[in-house]
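Read-outs: derived from the displayed coordinates by stated rules, not from any lab. Computed from a predicted model, the values in this text were never measured in an experiment. Heads up, the Cβs are rebuilt from the backbone with ideal geometry, glycines too, and the neighbour counts pull from every protein chain shown.
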Amino acid sequence: MAPRLFACFSRGSSSSERKTTADSATEEQRRAGPVVVELFSSQGCGTSTDAEDIATRLGLGEIVDVPVLVLAFHVDYWDYRGWKDPFGSSAWTVRQKAYVESMRLDTLYTPQIVVQGRDQCLGNEEGSIAAAVCAAPRFPSPTMQATFSKPSPMTLQVALSGPLRSKVDSAGANVMVALYQSGVVININKGENKGRLLANDYIVRRLEKLATVKDISMKKSVSGTITFTLWEGFNPVKCGLVIFIQNSSLHISGAQQLAIPDNL
């Protein structure tokens, strides 16, 4: 079956209403930024492979007609099945548990998709994912400027400064920065996916907090510096950064993607 592109339109209105709605939606999309989609996955999970493929296509804009930033968090709780996911982390399991608690779910599971920190669905159900992305609120992207440096061969330093373009109330929010890696291909020789060649994109390798902010206007500038510890084989061409604003309810209200210079 050919890939489908889901358009995000409202239904049940007259032609004039649809035109007005479409014009408003177009203007809103000019102001609004991307939707953050988090995939909780594992190379040791047999049902996560389809979800990884969907995540790749979602990030490439092949599923929905709104901009999406995908972040794939590989959890570690399936490692006991025989294949230890080299990208699995207990920190990502803790992050998933926080979503399970905030959404009052019964259990952890993979593959799971979380949209803007507010909604979730099964990670290999393309239609459900598309519907959740289309229904998600969108916010203006931060317009932060970045300066990159490598103080040492295994260290990446990023200085960031600029407005968040989202109002933050007295409850506060964290400005988070994820370093991800794409284009990973690996042979699996144990576990549920034994004998398969898996391709993974948008794998979160590092997640750091740039700042905690509260009571700020949309125009308020925020600045800070983050230092990432790198890994053997780090290739800036296959990596990128995602900045996102997340409050204590885990809701995301703005995100920005940054490329990493390939001449570092």
Exercise. Relative contact order, percent, of the chain when contacts are C-alpha pairs under 8 Å separated by at least 6 residues?
Worked result: 21 percent
Problem set entry | Amide hydrogen neighbours beyond the local backbone of Ile260, cut-off 5 Å, H modeled | Leu241
For this session: Could you size up the charge dipole of the range 91-187 around its Cα centre, putting +1 on the beta carbon of Lys and Arg and -1 on that of Asp and Glu, and report it in debye to the nearest 20?
Result: 360 debye
Exercise. Say the dipole of the chain comes from +1 at the beta carbon of Lys and Arg and -1 at that of Asp and Glu; which of Thr225, Val115, Ser253 then lies farthest toward its positive end?
Worked result: Thr225
Seminar exercise, completed: Which of [x] 1.40; [y] 0.99; [z] 1.03 gives Cα Rg over 2.2 N^0.38 Å as computed here? It is [z]
For this session: Mind sorting Lys219, Lys238 by how few other Cβ atoms lie within 10 Å of their own Cβ, fewest first?
Result: Lys219, Lys238
Problem set entry | Within the range 15-259, percent of DSSP bridges classed antiparallel, to nearest 5 | 85 percent
Exercise. So for Ser41, Ser221, fewest C-beta neighbours within 10 Å to most, what's the order?
Worked result: Ser221, Ser41
Exercise. Given 0.36 nm per residue, what is the gain on full extension from Asp215 to Arg196 after removing their alpha carbon distance, in nm?
Worked result: 1.8 nm
Seminar exercise, completed: HN-Hα couplings for the range 137-147 via Karplus (6.51, -1.76, 1.60; θ = phi - 60°), in whole Hz with x for Gly/Pro, come out as x, 10, 10, x, 6, x, 10, 7, 9, 10, 10
Problem set entry | Electrostatic dipole magnitude of the chain [Cβ: Lys, Arg +1; Asp, Glu -1; Cα centre; debye, to 20] | 520 debye
Problem set entry | Which listed pairs, of Lys84/Lys150; Lys84/Lys238; Lys150/Lys209; Lys150/Lys238; Lys97/Lys238, have C-alpha distances above 21 Å, in listed order | Lys84/Lys150; Lys84/Lys238; Lys97/Lys238
Seminar exercise, completed: Of the residues Gln43, Gln157, Asn235, the Cα lying farthest along the dipole of the range 15-259 towards its positive end, which is defined by charges on the beta carbon of Lys, Arg, Asp and Glu, belongs to Gln157
For this session: Could you let me know the centre-to-centre spacing of the range 97-132 and the range 40-60, using Cα atoms, in angstrom?
Result: 13 Å
